[in-house]
Amino acid sequence: MSTGPTMKRLACAFAVSAAGTLVLAGCNTSGGTNLTLATGSTGGTYYPLGGEIAKVWSDNIDDVNVSTQASGASVENMQLLDQDENEVVMAINGVAGSASESAGDFEDEPLNEPGEVRLLGNVYPEVLQLVATEESGIESVEDLAGHKVDVGPSGSGTEVAAREVLDAYGIEDIEEDQSDFGDAANKLSDGQLDAAFAILASPAASIQEVATSTDITLVDISGEPAEQLMEENESYGTLEIEGGTYEGVDEPAETLTNWAAMYVKADMDEELAYNLTKQMYEGAGDIEHDVGSNIQLDTALDSPGPVDLHPGAERFYEEEGVLD
């Protein structure tokens, strides 16, 4: 975390020179604290939503300026936080839990300080959506075998979830691709893919775009393999995507959901963590993104997993009567 006028000017200059990679949410040269929020790919939900949250923070917390950085999303974000490259990150709760316990994707390459990860609070429910072209004939997870399937960007929460689902169902023989869903959507429309996993808010604009040009199917992720997966990973819950959510998809689809949440390190100043948490919920009404309405105090601590609250966030929740 950098402070002072000189670092502030450097941060501003970098933000301008890296347009498209780093979007400045707040910048003045009068001194203060600069933070960088790691988000996700530019075609996903994290990047634009993170920019709006960063603006809320910059506009409402004195002497704090927050910029947002595109990234590979959850797995990479936990690594960036651990390496002190970013002070705040968005990540799926299940990925953050694995990072804090050196499990899953972090078993072979654990964080340097896995016990230092701290939760500020949930942002919105992440919905695992498995989209297949109707032409592919895919109607179940088992049908993915032998098909061209995108499992999400390397290091993303989508990739983690997709691989867990494929393992749970015993699916090994797919023709695998890896890209963000913006690219995957184009490949679905062009016939280069048969199906793609995506962890996105629902409804997702990128899936809506595919549905307008291509007949699609939302594939159920349910049954005994899904139930077993939820037993093994308590960060998962179930959700029904209603029929009619996407053009041409009239039947509901059962699937799995996580929470996108904000994480910091334990050494963040308590007052700063308190203000970040407070303003994220109190300023949610200023967020215009479709999922902004999901930033709610009554779901802020749903399915937190093994990651402890930051003391600053805990103080806010105690004041609001959220904690028992």
Give the stretch 80-123 a look and list any residue that's under 29 Å from L218 (Cβ atoms) and surrounded by fewer than 21 Cβ atoms within 10 Å (Cβ to Cβ), or say none. G104, D105
Yes or no: S303 among the hydroxyl-bearing types (S, T, Y), on the phi > 0 side of the Ramachandran plot and under 17 Å from the mean Cα position of the chain (by Cα)? yes
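Quick one: would you say L297 is in the same structural domain as N34 (by TED's automatic domain parsing), touching a Phe, Trp or Tyr at 6+ places or on another chain (Cβ under 6 Å) and not small (G, A, S)? Break it down into steps so the answer makes sense when it comes.
Values: in the same structural domain as N34 (by TED's automatic domain parsing): yes; touching a Phe, Trp or Tyr at 6+ places or on another chain (Cβ under 6 Å): yes; not small (G, A, S): yes.
Criteria met by L297.
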Failed item in (1) in contact with a helix residue (DSSP H, G or I) (Cβ under 9 Å, 6 or more places away or on another chain); (2) assigned to a loop (DSSP other than H, G, I, E, B), with D84 passing the rest: (1)
Please note which strands (runs of 3 or more DSSP E) are completely contained in the stretch 108-186 and include at least 2 residues that are closer than 16 Å to T255 by Cβ and at pLDDT 95 or above. 117-133
Every residue in the stretch 302-321 that is buried (at least 17 other Cβ atoms within 10 Å of the Cβ) and more than 22 Å from L256 (Cα to Cα), please. L309, H310, G312, A313, E314, R315, F316, Y317
If we ask which residues in the stretch 101-146 are farther than 26 Å from N186 by Cβ and among the hydroxyl-bearing types (S, T, Y), their number turns out to be 1
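Residues to consider are T299, T277, T245, T212; find the one that is buried (at least 21 other Cβ atoms within 10 Å of the Cβ) and polar (S, T, N, Q).
Selected residue: T277, the only one of T299, T277, T245, T212 that is buried (at least 21 other Cβ atoms within 10 Å of the Cβ) and polar (S, T, N, Q).
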When both residues are 6+ apart or on different chains and their Cβ atoms are under 9 Å apart, which pairs have a first residue that lies in the stretch 156-180 and is under 17 Å from S140 (Cβ atoms), and a second that is surrounded by fewer than 19 Cβ atoms within 10 Å (Cβ to Cβ) and of a type in the set (S, T, Y)? Y169/S140
Verdict on E270 being out of contact with any helix residue (DSSP H, G or I) (no Cβ under 7 Å at 6 or more places or on another chain) and on the phi < 0 side of the Ramachandran plot: no
Out of V89, V95, report the one residue that is in contact (Cβ under 8 Å) with a residue 12 or more places away in the chain, touching a Gly at 6+ places or on another chain (Cβ under 6 Å) and not assigned by TED's automatic domain parsing to the domain that holds G155. V95
What are the residues in the stretch 133-154 that are aliphatic (A, V, I, L, M), in contact with a helix residue (DSSP H, G or I) (Cβ under 8 Å, 6 or more places away or on another chain) and farther than 26 Å from A70 by Cβ, if any? I138, V141, L144
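Considering the stretch 59-73 alone, what residues qualify as being assigned to a loop (DSSP other than H, G, I, E, B) and either under 13 Å from G32 (Cβ atoms) or not assigned by TED's automatic domain parsing to the domain that holds L272 (or both)?
Scanning the stretch 59-73 gives I61, D62, D63.
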Please name all residue pairs, on different chains or six or more residues apart, with Cβ atoms under 7 Å, provided the first residue is in the stretch 59-80 and is on the phi < 0 side of the Ramachandran plot and the second residue is acidic (D, E). V75/D105
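The values are calculated or read from the model by the stated rules, or taken from the named source; none is laboratory data. Only a predicted model underlies this, so the values are computations on that prediction, with no experimental measurement involved. Here Cβ is always computed from backbone atoms with ideal geometry, including for glycine, and neighbour counts include all displayed protein chains.
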